[in-house]
Amino acid sequence: MTQPNPERDERKHVLSRRTVFAGAGVVGAAAAAAAVLPGVVQQSTTAADAKAAPKSAEGYQLTEHVQQYYRTAKV
């Protein structure tokens with residue numbers, strides 16, 4: 001029987017093209033998510049502010065621009 005060779009048993013990690021491209025894909029996806037994420041957070045707070053405003057003025061309101069439209073729409 002042969003003696004175990006420690007140099008042969010240790011497997012050296014070889015960087016293959018497949019590993020490089022997979023890593024590049026992960027890095028690209030993370031960069032895209034990081035670029036988009038601040039905009040999503042900012043839009044959600046703006047949407048919450050926009051929803052809060054109509055609650056104070058509920059229902060139909062006859063404003064000046066609505067009256068102007070009615071005057072121009074008469075046949």
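The values are calculated or read from the model by the stated rules, or taken from the named source; none is laboratory data. This one's a predicted model, so the numbers in the text were calculated from it and none came from an experiment. Positions of Cβ are backbone-derived with ideal geometry, glycine not excepted, and every protein chain shown enters the neighbour counts.
Listed values, structure above:
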{"quantity": "Qualifying residue in the range 49-61 (condition: outside any helix (DSSP H, G or I), at positive phi, out of contact with any helix residue (DSSP H, G or I) (no Cβ under 9 Å at 6 or more places or on another chain) and modelled with pLDDT under 85)", "calculated": "yes"}
{"quantity": "All positions within the range 2-41 that are β-branched (Val, Ile, Thr) and modelled with pLDDT of 65 or more", "calculated": "Thr2, Val14, Thr19, Val20, Val26, Val27, Val36"}
